[in-house]
1. How many nm separate the modelled label positions at Q139 and T119, each set 7 Å beyond the Cα in the direction of the Cβ?
2. Indicate the gyration tensor shape class of the range 363-474 (rounded, prolate or oblate), computed on the Cα atoms with a ≥ b ≥ c the square roots of the eigenvalues: a/c under 1.5 is rounded; otherwise a/b larger than b/c is prolate and the rest oblate.
3. State the extension gain, in nm to one decimal, for the chain segment bounded by N131 and Q164, taking 0.36 nm per residue of separation less the distance between their alpha-carbons.
4. Take the alpha carbon atoms of the range 424-472, find their center, do the same for the range 147-206, and report the distance between the two centers in whole angstrom.
5. Run the numbers on the range 453-497 and let me know its relative contact order in percent, using alpha-carbon pairs under 8 Å that are six or more apart.
6. For the range 266-274, what does the Karplus curve 6.51 cos²θ - 1.76 cosθ + 1.60, with θ = phi - 60°, yield as ³J(HN,Hα) per residue in whole Hz, taken in order and with x for Gly and Pro?
7. Rounded to the nearest 0.05, what FRET efficiency do S314 and S226 have when you use their Cβ-Cβ distance and R0 = 22 Å?
8. Can you tell me how the range 338-383 classifies by the Cα gyration tensor, rounded, prolate or oblate, using a/c under 1.5 as the rounded cut?
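The values are calculated or read from the model by the stated rules, or taken from the named source; none is laboratory data. In this text, all values refer to a predicted model and were calculated from it rather than measured experimentally. Please note: Cβ atoms are built from the backbone with ideal geometry, for glycine as well, and neighbour counts cover all protein chains shown. With ligands, DNA and RNA removed, areas are computed over all heavy atoms of the protein, side chains included. Shrake-Rupley method; radii C 1.70, N 1.55, O 1.52, S 1.80 Å.
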Amino acid sequence: MIDFLIPGLCLLACLASLVLLRRRGAKPFDYGLQLAIWLSAWMLWQPPAIIPAERNISIDSKALASSHPINLNGVENISLNGEPLGRDKLRDLAPVRLELSNIQESDSSWEFDWQRRITLGDSLKLKVHNNQPLTENRQISLLNPYGHIEDSLELKVGEAIQAQLTATPKLAGPQLYRVRTESETGEIHTDPLPILVREPLQPKLLLWLARPSFETAALSRWLRQSGVAAQVMTQLAPEISRKETLNGLPLTESADLLTKESPFDLVILDSSLWPQLSSQQKHQLSELATTKSLLWLVSGDSSEEFLQYAAAQSMPLQKGEDTRLHSGFGYQKAANTEIPPLRNSGFIAVQPSSSDFLLDNEETPLFWGRSTQTQHLGFILFSDSHRWLTSGFATEFASLWKSIIDYQLKHLGSQPPVTLSNKLPRTQERTTLCSPLFSNQRPILLSSQENSLPISGVAVSSNSQGQCYSFWPQGSGWHQLKTDMDGEPVLNFYIFAKQDWPKWQRSLNAREARQMAAARLGPVDNRHSGKMPIERQWPALILLLLVCTSWWRERRILNRPLS
């Protein structure tokens, strides 16, 4: 709007001046003077591009990173001076070649790496790397959120550093550790080290059996000894069942066992139970595997209706000709030659997907599992694993069942990944986040600071990580990414201040600047590009001279004696 308002005001003012001059009977020179005055006023707002642009220019990196626009019309090559710039600053430039001959890269090889998210009880590991010899002795200390030293490291002059500092967080939630670097001259610098500590997952399991057996009794015993919160139901008759809870889990009534609201993360069912299930329960099972994990103990006498159910879930089972024996599974075939064999239940997997998990071999697998974003379903196709417990192979028994249950529960605590564009997101710089979650929902960024307003992202082109949005956070600290204001955060991450990790920032910027310089081949032909606009002081000087000339002529007219 203002692009049309300023020229319009200049034009109206010029017309008004010409009308007044006509009433006073001014000379042609005065008309030309007024036209030149208002033309200069317009040029002060919009300097004309009349200066030929330079082909090769040298720019300081601070000037290039400032908010003042730089006209690069006609420029074919830029030579950068000063400290290196990050990828985003260089990516936003016009298509020109970059030379980094004058970039300062001294003492810019520091690298740091740590886990951004860990589980409570795991160790935080900070890796420090510098392939250039140190010029002075340094001490690096890892401080916990209370300011106490958890670990420290002495770095000697002349050494190339590749070391590690460790700590064990005591609380869950966002934790802000710090890294203190102290030189022998007494210079101290402290940088933030944010991590998100998650509570350890405690999945709940339901084991619903059609009849008691040695196999299921061994599985129940192992669940109890493993500390898994579980509920075991054994159907003794159509209307009679035995219920038992393990490791402090409250008892859940039968009516709520197969609904999406049930407390169980993994439901293990006996295929022989299928004829005893009601039509409502069978319908619930078809939807249960989309939100929870469902595991079937497939017996050799499974009904035809159960096989039709498996085929409807896109995991068809076919009756085999014989029940082959398997001597262990995986590495245990060679390591434990005396382990009792497992007996296949007589079914084979029909056309498993390449992403499915098959235990043992594809022809007669012991277990067929599928865990995707829309389905978590598995079939146990073996028996006689209880013989491993009675034969002294309790470790192998636990490894077998743990590998199956871990696979079926691998989706717990996971979420569609959100990728950040840089390792060190900083204030007032572009931070791009990509995720499949953003395909249908616009993400919102919230700061942990009080009275902070939500930040809406700007959509950019999608890539292999999903739809991408760019943000420009204004403050440092913890931030939450949500898909709606009332929803749960899909990502917690930290925004660093400008002064954080200065040596690491120079190292990252130097690497990204070299990448951008190698990727930028410049324009195909930029010889006849536009010209540079003149600087504003020249239109201002011309306007001042013209106004003074107009004032001088008016003074002469006023002082002219009346005839």
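1. For the pair Q139/T119, the computed spacing is 3.6 nm.
2. Numbers: a/c = 4.08, a/b = 2.81, b/c = 1.45.
Prolate, because a/c is 1.5 or more and a/b exceeds b/c.
3. Working it through step by step, the gained length comes to 10.4 nm.
4. If you average the Cα positions of each part, the centres end up 27 Å apart.
5. With pairs under 8 Å counted, the relative contact order is 28 percent.
6. Once rounded to whole Hz, the list reads 10, 10, 10, 10, 8, 5, 5, 7, 4.
7. 0.10
8. Values: a/c = 2.30, a/b = 2.02, b/c = 1.14.
Note, shape of the range 338-383 comes out prolate.
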